[in-house]
Amino acid sequence: MSKNAFVAIYVVLLIAAVVSVDVLFFRDRFRERLLANIGIVIVFVAVYFLAIRNR
């Protein structure tokens, strides 16, 4: 699998994680939703730089 395809799948997984956490847990809570989304993005970026980028 090419690196571009892998990154595209990774971004789709990131979006799916953010949307599913928003819908399932933080539907009516703005600040908690924002903090959770920022946390998810930070985790995905950290995994990308540690594992995928050096591939």
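The values are calculated or read from the model by the stated rules, or taken from the named source; none is laboratory data. Quick caveat: nothing in here was measured; it's all calculated off a predicted structure. Virtual Cβ from ideal backbone geometry, glycine too; neighbours counted across all protein chains shown.
So the values come out like this:
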quantity: Per-region count, region 1-19, residues closer than 30 Å to residue 29 by Cα and free of Cβ contacts under 8 Å to residues at least 40 places away in the same chain; calculated: 11
quantity: Region 39-55 - residue that is exposed (fewer than 10 other Cβ atoms within 10 Å of the Cβ) and among the aliphatic types (A, V, I, L, M) and, of those, modelled with the highest pLDDT; calculated: 50
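Yes/no per residue for (1) among the polar types (S, T, N, Q); (2) assigned to a helix (DSSP H, G or I); (3) touching a helix residue (DSSP H, G or I) at 6+ places or on another chain (Cβ under 9 Å):
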{"residue": "4", "(1), (2), (3)": "yes, yes, no"}
{"residue": "9", "(1), (2), (3)": "no, yes, no"}
{"residue": "32", "(1), (2), (3)": "no, yes, no"}
{"residue": "36", "(1), (2), (3)": "no, yes, yes"}
{"residue": "41", "(1), (2), (3)": "no, yes, yes"}
{"residue": "46", "(1), (2), (3)": "no, yes, no"}
